[in-house]
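Trainee: Take a look at this one; I'll ask things after.
Only the coordinates and a few stated rules stand behind these numbers; no lab work does. Because the structure is a prediction, the values reported are computed rather than measured. Virtual Cβ from ideal backbone geometry, glycine too; neighbours counted across all protein chains shown.
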Amino acid sequence: MVLTDILSLCLRIGELAFTSVVAGLNGEYLHNTRHSSAGSRKRFIYVEVIAAIGILFSLLFLLPFMTSFMHWPVDLFLFIGTMVAFGLLAHYDKQCGSVWNWHGITHGGACDKFKATIAFLFLASIFFLASAILGWWVSRRRTRTAHVDSAHHGRRKWYRRY
């Protein structure tokens with residue numbers, strides 16, 4: 001169980017780091033386009049909200065008394081939310097070219113930041129998925145062990161006589 005706790009801690013730290021980068025890069029874009037209409041920025045507002053929720057729950061689940069793995073549905077919800085945000089940004093019609101073209105990304109322009117936001121959003125979603133799978137697996141294993149242990153204490157087995 002120590003290994004799963006350490007893995008969960010590493011996944012939470014990764015979620016926190018990646019969603020923080022997404023929130024920072026996306027927040028800078030929203031700040032730079034604050035004078036344009038909200039209709040053209042609604043997908044970026046959604047990404048910012050999902051990143052903020054991801055940061056909140058990552059910080060909350062990093063607390064020492066939250067070592068229970070029963071909160072995997074929240075991770076699954078955040079995985080779905082980050083993948084929707086990834087899809088919204090990946091299909092954004094911008095002059096940056098293909099999302100998958102990473103050639104010349106180190107020039108520091110707006111397109112480079114946009115592609116970095118997409119990349120970190122994808123990484124955050126993978127970490128949320130891995131955390132959800134780990135939480136589901138550990139909680140399923142614990143409940144199965146509890147059922148097996150309680151079934152054999154105090155009861156006569158069907159194949160034995162008195």
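Trainee: If contacts are Cα pairs under 8 angstrom and at least 6 residues apart, what is the relative contact order of the range 1-65 in percent?
Mentor: In percent, rounded to a whole number, it is 52.
Trainee: Here's something else I'd like to know. Just subtract the alpha-carbon distance of H31 and Y92 from 0.36 nm times their residue separation and send over the number in nm, one decimal. Numbers along the way, then the final one.
Mentor: Working: separation 61, 0.36 × 61 = 21.96 nm, distance 1.82 nm.
So the extension gain works out to 20.1 nm.
Trainee: Would you list D112, D75 from fewest to most Cβ contacts within 10 Å?
Mentor: Numbers: D112 16, D75 27.
With the sparsest Cβ surroundings first, the list reads D112, D75.
Trainee: Just how large is the dipole of the range 2-145 about the Cα centre, in debye to the nearest 20, putting +1 at every Lys and Arg Cβ and -1 at every Asp and Glu Cβ?
Mentor: 260
Trainee: With 10 Å bins from zero, work out the P(r) of the range 2-145 over every alpha carbon pair and list the percent per bin.
Mentor: Going from the shortest bin to the longest, the percentages are 12, 40, 28, 15, 5, 1.
Trainee: Considering the options V84, A124, A38, tell which one lies farthest towards the positive end of the dipole of the range 2-145, charges being +1 on Lys and Arg and -1 on Asp and Glu at the Cβ, about the Cα centre.
Mentor: So the residue furthest toward the plus end is V84.
Trainee: Let me ask something else. Evaluate the range 30-86: find the radius of gyration of its Cα atoms, find its Kirkwood radius, and give the ratio Rg to Rh.
Mentor: Result for the range 30-86 is an Rg/Rh of 1.13.
Trainee: Still on this structure: Remind me, relative contact order of the range 2-145 in percent, using alpha carbon pairs under 8 angstrom and six or more residues apart? Write down the numbers at each step before the final one.
Mentor: Numbers: 133 pairs, mean separation 56.4, N = 144.
With pairs under 8 Å counted, the relative contact order is 39 percent.
Trainee: Once R0 is set to 25 Å, what does the formula 1/(1 + (r/R0)^6) return for the Cβ-Cβ distance between Y46 and W100, expressed as a FRET efficiency to the nearest 0.05? Write out the running numbers ahead of the final one.
Mentor: On the way: r = 22 Å, r/R0 = 0.87.
Step by step, r from the Cβ atoms, then E = 0.70.
Trainee: Then there is this: Which ordering of R41, R34 is given by a fewest-first count of other beta-carbon atoms within 10 Å?
Mentor: Values: R41 16, R34 9.
Listed from fewest to most nearby Cβ atoms, that is R34, R41.
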